[in-house]
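K.L.:
I am attaching a structure below and will ask some questions about it afterwards.
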Amino acid sequence: MTSGIFITFEGIDGSGKSTQARALAEHLTNQGHAVVLTREPGGAPGAELIRQILVEGDPERWSPTTEALLFTAARRDHLEKTIVPALEAGKIVISDRFADSTRVYQGTVRSENRALVDALHDLTIGREPDLTLILDMPADVAHARGVARDTAEDRFEEFGADFQKALRTGFLDLARAYPDRCRVVEALRAAEDVARDIAALTDAALA
Ligand code: TYD
């Protein structure tokens, strides 16, 4: 049994998840909570190795099915090595992406693979966050931001702006499917305003 609290950030590439995850970690740390800030793909040494082969290189490098397997393998390692131990120690875990990303990217937008994604999740992960913050903004704005970052980790950005549009719809559908844990946050605003809303939503969820 675990006693900590598990919070995830989701959204399209370039929606500001990483900045907001850091801001929330700082907010909760200032309140005296023990916080672990982590990310996917990655978040543990083995999972970070899998990350490298997923986010770099030719967009067609992996089929959607192989991708689903690799993301799930990375998640299992992250869960075993980082998430579960922290929750068992009573900490708040904040993860920049988790299973909802696989549901949307590999399960819906890359291909209609949702049954496979759900089966893999049930068999090997079997855990949902307590709270999921979905950062929502127009896909073209987010895509332009992502491309402007100009890193080697651009395999998913190379799929283009229409891909990001479909992802946005996918995340909004997911928020409707899991209303108990998901909160949609309007992310096309000053970062401080977004952070203030997220802090208020989280404080309410923790209360
Ligand atoms: P991330 O590091 O969050 O990139 P960004 O900061 O650009 O949002 O994630 C890397 C990429 O991996 C991102 O394009 C989304 C993709 N991804 C999936 O396709 N499926 C998944 O399950 C996860 C966790 C990420």
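The values are calculated or read from the model by the stated rules, or taken from the named source; none is laboratory data. None of the values given here were measured: they were computed from a predicted structure. Every residue, glycine among them, receives a Cβ derived from its backbone with ideal geometry; neighbour counts consider all protein chains shown. Ligands, DNA and RNA are excluded from the accessible area calculation, which covers all protein heavy atoms including side chains. Shrake-Rupley method; radii C 1.70, N 1.55, O 1.52, S 1.80 Å.
K.L.:
Restricting the range 80-98 to residues that are assigned to a helix (DSSP H, G or I) and over 23 Å from residue 135 (Cα atoms), which is farthest from the chain's Cα centre (by Cα)?
P.N.:
This residue is 88.
K.L.:
Can you work out which of the residues in the range 73-108 that are β-branched (Val, Ile, Thr) and surrounded by fewer than 22 Cβ atoms within 10 Å (Cβ to Cβ) is nearest to residue 176 (Cα to Cα)? Spell out the reasoning first.
P.N.:
First, the residues of the range 73-108 that are β-branched (Val, Ile, Thr): 82-84, 92-94, 102, 104, 108.
From what is left, the residues that are surrounded by fewer than 22 Cβ atoms within 10 Å (Cβ to Cβ) are 82, 84, 108.
Working: 82: 29, 84: 27, 108: 15 Å.
Filtering the range 73-108 for residues that are β-branched (Val, Ile, Thr) and surrounded by fewer than 22 Cβ atoms within 10 Å (Cβ to Cβ), the one nearest to residue 176 (Cα to Cα) comes out as 108.
K.L.:
A further question on this structure: Mind listing just one residue for me: the one in the range 44-64 that is open to solvent by less than 60 Å² (accessible area, probe 1.4 Å) and more than 20 Å from residue 157 (Cα to Cα) and, of those, nearest to the ligand (Cβ to nearest atom)?
P.N.:
Ranking the qualifying residues of the range 44-64, first place goes to 47.
K.L.:
Any residue in the range 158-184 that's under 14 Å from residue 138 (Cα atoms): show its pairings with residues that are charged (D, E, K, R) and open to solvent by 50 Å² or more (accessible area, probe 1.4 Å) at Cβ separation under 7 Å, as long as the two are six or more apart or on different chains.
P.N.:
161/140
K.L.:
Residues to consider are 21, 25; find the one that is surrounded by fewer than 22 Cβ atoms within 10 Å (Cβ to Cβ), farther than 16 Å from residue 126 by Cβ and in contact (Cβ under 8 Å) with a residue 40 or more places away in the chain.
P.N.:
Just one listed residue meets the conditions, 25.
K.L.:
Inside the range 127-147, can you point out the residues that are open to solvent by less than 10 Å² (accessible area, probe 1.4 Å), among the β-branched types (Val, Ile, Thr) and more than 18 Å from residue 78 (Cα to Cα)?
P.N.:
134
K.L.:
Could you run through the range 148-207 and say how many residues are among the polar types (S, T, N, Q), out of contact with any Leu (no Cβ under 7 Å at 6 or more places or on another chain) and open to solvent by less than 70 Å² (accessible area, probe 1.4 Å)? Even if it seems obvious, please write down each step before you answer.
P.N.:
Our first condition is that a residue be among the polar types (S, T, N, Q); within the range 148-207, this holds for 151, 164, 169, 202.
Of the ones still in play, those that are also out of contact with any Leu (no Cβ under 7 Å at 6 or more places or on another chain) are 151, 164, 169.
Then keep just the ones that are open to solvent by less than 70 Å² (accessible area, probe 1.4 Å); that gives 151, 164.
Result for the range 148-207: 2.
K.L.:
In the list 152, 142, which residue meets the criterion of being farther than 15 Å from residue 8 by Cα, outside any helix (DSSP H, G or I) and within 14 Å of the ligand (Cβ to nearest atom)?
P.N.:
152
K.L.:
For the range 112-126, how many residues meet the condition of being touching a residue at least 12 places away in the same chain (Cβ under 8 Å) and loosely packed, with under 15 Cβ neighbours inside 10 Å?
P.N.:
First, pick out the residues of the range 112-126 that are touching a residue at least 12 places away in the same chain (Cβ under 8 Å): 113, 116-118, 120-121, 124-125.
Going one step further and asking which of them are loosely packed, with under 15 Cβ neighbours inside 10 Å, we end up with 118, 124.
Number of matching residues: 2.
K.L.:
Okay, next question. Do you know which of the residues in the range 1-13 that are within 11 Å of the ligand (Cβ to nearest atom) and crowded, with 23+ Cβ neighbours inside 10 Å is farthest from the chain's Cα centre (by Cα)?
P.N.:
Ranking the qualifying residues of the range 1-13, first place goes to 12.
K.L.:
Are any residues in the range 155-175 more than 12 Å from the ligand (Cβ to nearest atom) and under 15 Å from residue 102 (Cα atoms), and if so, which ones?
P.N.:
Within the range 155-175, 166, 168, 169, 172, 173, 174, 175 qualify.
K.L.:
On to the next question. Looking only at the range 30-43, how many residues end up being buried (at least 20 other Cβ atoms within 10 Å of the Cβ) and either more than 16 Å from the ligand (Cβ to nearest atom) or part of a loop (DSSP other than H, G, I, E, B) (or both)?
P.N.:
The total comes to 5.
K.L.:
Which ones in the range 82-96 are out of contact with any helix residue (DSSP H, G or I) (no Cβ under 7 Å at 6 or more places or on another chain) and charged (D, E, K, R)?
P.N.:
Answer for the range 82-96, where residues must be out of contact with any helix residue (DSSP H, G or I) (no Cβ under 7 Å at 6 or more places or on another chain) and charged (D, E, K, R): 88, 91.
K.L.:
Return yes when residue 101 is in a strand (DSSP E or B), among the polar types (S, T, N, Q) and closer than 25 Å to residue 56 by Cα and no when it is not.
P.N.:
No; evaluated as a whole, the condition is false for this residue.
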